[in-house]
Amino acid sequence: MGGRLRTIEDLGDLGGKRILVRCDFNVPLQDGRITEDFRIRATAPTIRELLAAGATLVLCSHLGRPKGAPDTTYSLAPVADRLGEVLDREVRRVDGVTGPAVTDAVEAAGPGDVVLLENLRFDPGEESNDPAFADALASLAEAYVDDAFGAAHRAHASVVGVAERLPSAAGRLMQREVDVLSKLRDDPDEPFVAILGGAKVSDKLGAVNALLQSIDALLVGGAMAFSFLAVQGAEVGRSLVEPDRYDDVREALANAEARGVLIQLPEDVVVAAEAAVDARRETVRADAIPRGMIGLDVGPRTVEEFARTLADAKTVLWNGPMGMFELEPFAAGTRGVAMAVAGVDAFTVVGGGDSVAALAKLGLTDSVDHVSTGGGASLEFIEGRELPGLAVLTEPA
Ligand code: ADP
Ligand code: MG
C-alpha cells in the first residue's frame, strides 16, 4: 500500500496549461434541482487553486446512472449553474463529452476559463474504460487532476484511462480524503468506535471485518442490525434481513468476541406495519418485534447507549443511517446519533452518501472533523483494498 500519492505540485508550473479535472459532481437531484451541493463545494478549493495558478480548466464528472447514452434527466446543467455560483465565475457547459463541439469549446478557452463537459456516462466508453474514449478525453488537456474520491474505486476511463495517458495527480480533496482515511486505517487514536448502519448488511460486512482489526467497539443500527439480531435468536418481524449472509454475520460476531471488540446492537426499535409517514408507530424491544411489524429506526434507549459508548471515544467513524431517516417519523435515531457524534471530543469522520445527507440536513457538517465524499470508496479504502483510481496516481514505493 506504500508509495506516494502525486499531488498538484508534481505537475510543475501550470500557467497556460490546460488541465482536465475529474470531479465528483454526483449530487442528489429532485425534479432537476440539486438538493445537496456538498460535493460541489468540497472540490471548489482545488478548482480555485488551479485557476489561480493560471490554468485553463476542463472539468468532467458522472451524475447518476444514465445508460451510456445522453439522457436529459442526468444532464450536468444544474451543476454548471451551482458551480458558477460557488466559484463566482462563468462555467461553460458544453453539450457533449467528446466530438467537435467539445474540442472547439476547449480550444476557445484560455487561462482562468472553466469548461464543464456533459455527463461522462452519456458515453458507454466511460464505464468500460474504452481506450478510444480515454484517448479522446486525454486529448483535451496537457495534464490531469483527479479530485473525485467517490469514484476512485471504479476503473473507469475518466478515472484510470486518462491518468495513464497524461501527467496526473490528486487534487486537494482527494489528498485530504486519503490523509484522513489512512490515519483511520493505519494509526487511529484509541478508543476507536465505529458506527455502521444503512440498508444492507451485505454492503458493510467487508468493512465490519476490516474494522474489527482496529476498533474497540462497533455500534450497529439501520436495517443491517436486524441480521445481527436475527442470528442471536431475536424475533425481528418483517424487518429487512439478509438470511444468505447470516453465516458471515455469525463469523463477524465470533471474530469480534475473539478480539475483545464490543458489538453493540439496538436494544429498542421503532416499528410500524408499513414504511410510510402516516403509519402507526410503536417502540418495542429489539429482540421481540411483533409479527408483521417492520423495524424502521433505533429507539431512544439505543441512542442513549450508543452515545454512552461514543463519549469515551478518541476516534469515531460513522457510515450508514440508523433508520429510514428519509421519512421524518423514523429519523430520530439517526438524528440522535448524529448529535452524539458531533458532540464527542474525538477525531470524527462521517462517510456514505445518505449519512452525509442526514448530517447536512441537521446542519452538523461543520461539527465533525471530516465528511468523506466517498461512500463505497471510503469503505473499500478502510478495508485495505487497492482503489484503481488511487493506484494510478501513486508513485511506486
Ligand atoms: P450510506 O449511503 O450512508 O452509506 P446506505 O446507502 O448503506 O448508507 O443506507 C442508506 C439507506 O438505508 C437509506 O435509504 C435508509 O432508508 C435505509 N435504511 C436504514 N435503516 C433502515 C431500516 N431499518 N429499514 C429499511 N431501510 C433502512
Ligand atoms: Mg447510500
What tally of residues in segment 279-337 results from selecting those that are among the hydrophobic types (A, V, I, L, M, F, W, C), assigned to a helix (DSSP H, G or I) and away from ligand 1 (no atom under 13 Å from the Cβ)?
5
Out of VAL178, VAL208, VAL241, VAL249, sole residue that is assigned to a helix (DSSP H, G or I), surrounded by fewer than 23 Cβ atoms within 10 Å (Cβ to Cβ) and of a type in the set (A, V, I, L, M):
VAL178
State yes or no: is SER214 within 11 Å of ligand 1 (Cβ to nearest atom) and without any contact (Cβ under 8 Å) to a residue 60 or more places away in the chain?
no
Answer yes if at least one residue in segment 229-237 is at pLDDT below 95, more than 22 Å from LEU310 (Cα to Cα) and among the acidic types (Asp, Glu), and no otherwise.
no
Residues of segment 252-287 classified as more than 23 Å from THR334 (Cβ to Cβ) and free of Cβ contacts under 8 Å to residues at least 24 places away in the same chain, total:
4
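Might you let me know whether segment 268-276 holds any residue that is over 17 Å from GLY222 (Cβ atoms), away from ligand 2 (no atom under 16 Å from the Cβ) and surrounded by 21 or more Cβ atoms within 10 Å (Cβ to Cβ)?
If we filter segment 268-276 for residues that are over 17 Å from GLY222 (Cβ atoms), which is where we start, we get 273-274, 276.
When the remaining residues are screened for being away from ligand 2 (no atom under 16 Å from the Cβ), the result is 273-274, 276.
Filter once more, so that each one left must be surrounded by 21 or more Cβ atoms within 10 Å (Cβ to Cβ): none.
Taking every residue of segment 268-276 in turn, none turns out to be over 17 Å from GLY222 (Cβ atoms), away from ligand 2 (no atom under 16 Å from the Cβ) and surrounded by 21 or more Cβ atoms within 10 Å (Cβ to Cβ).
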Of all residues in segment 151-168, how many are surrounded by fewer than 24 Cβ atoms within 10 Å (Cβ to Cβ), more than 10 Å from ASN129 (Cα to Cα) and hydrophobic (A, V, I, L, M, F, W, C)?
1
Per the filter on segment 3-18, residues within 25 Å of the chain's Cα centre (by Cα) and crowded, with 19+ Cβ neighbours inside 10 Å are ARG6, ILE8
Do the conditions hold for LEU196, that is, is it under 25 Å from VAL344 (Cβ atoms) and of a type outside the set (Gly, Ala, Ser)?
yes
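Per-residue answers, yes or no, for (1) under 16 Å from the mean Cα position of the chain (by Cα); (2) over 27 Å from PHE226 (Cβ atoms):
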{"position": "LEU296", "(1), (2)": "no, no"}
{"position": "PRO300", "(1), (2)": "no, no"}
{"position": "PHE306", "(1), (2)": "no, no"}
{"position": "PHE330", "(1), (2)": "no, no"}
{"position": "ALA342", "(1), (2)": "no, no"}
{"position": "ASP345", "(1), (2)": "no, yes"}
{"position": "ALA358", "(1), (2)": "yes, no"}
{"position": "HIS370", "(1), (2)": "yes, yes"}
{"position": "GLY376", "(1), (2)": "yes, no"}
Let me spell it out: the conditions are (1) surrounded by 17 or more Cβ atoms within 10 Å (Cβ to Cβ); (2) within 23 Å of the chain's Cα centre (by Cα); (3) over 25 Å from ALA132 (Cβ atoms), and ALA55 meets all of them except one. Which number is the exception?
(2)
Kindly indicate which of MET322, MET339 is within 16 Å of ligand 2 (Cβ to nearest atom), of a type outside the set (Gly, Ala, Ser) and under 24 Å from PHE192 (Cα atoms).
MET322
How about segment 228-238: which of its residues are buried (at least 16 other Cβ atoms within 10 Å of the Cβ), in contact (Cβ under 8 Å) with a residue 24 or more places away in the chain and either more than 14 Å from ligand 1 (Cβ to nearest atom) or more than 19 Å from TRP318 (Cα to Cα) (or both)?
LEU229, ALA234, GLU235, VAL236, GLY237, ARG238
Quick check on my filter: what residues within segment 342-366 are more than 13 Å from ligand 1 (Cβ to nearest atom) and either at pLDDT below 95 or in contact with a Leu (Cβ under 7 Å, 6 or more places away or on another chain) (or both)?
ALA342, VAL344, LEU362, GLY363, LEU364, THR365, ASP366
When segment 85-106 is examined, which residues are found to be in a helix (DSSP H, G or I) and either without any contact (Cβ under 8 Å) to a residue 24 or more places away in the chain or within 22 Å of SER139 (Cβ to Cβ) (or both)?
GLU85, PRO100, ALA101, VAL102, THR103, ASP104, ALA105, VAL106
Within segment 342-377, how many residues are touching an Asp or Glu at 6+ places or on another chain (Cβ under 7 Å) and either away from ligand 2 (no atom under 16 Å from the Cβ) or within 15 Å of MET174 (Cα to Cα) (or both)?
6
Just one of the numbered conditions (1) more than 22 Å from the chain's Cα centre (by Cα); (2) at pLDDT 95 or above; (3) among the charged types (D, E, K, R) is not true of ASP31; which one?
(2)
Residue satisfying all of: in segment 190-205; outside any loop (DSSP other than H, G, I, E, B) and crowded, with 21+ Cβ neighbours inside 10 Å; farthest from ligand 2 (Cβ to nearest atom) among these
PHE192
Quick check: is even one residue across segment 322-341 touching a helix residue (DSSP H, G or I) at 6+ places or on another chain (Cβ under 6 Å), polar (S, T, N, Q), crowded, with 16+ Cβ neighbours inside 10 Å and touching a residue at least 24 places away in the same chain (Cβ under 8 Å)?
yes
Does ASP186 satisfy being away from ligand 1 (no atom under 16 Å from the Cβ) and acidic (Asp, Glu)?
yes
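The values are calculated or read from the model by the stated rules, or taken from the named source; none is laboratory data. Remember, it's a predicted structure, so these values are computed and weren't measured experimentally. With ideal geometry, Cβ positions are generated from the backbone for all residues, glycine too; neighbour counts draw on all protein chains shown.
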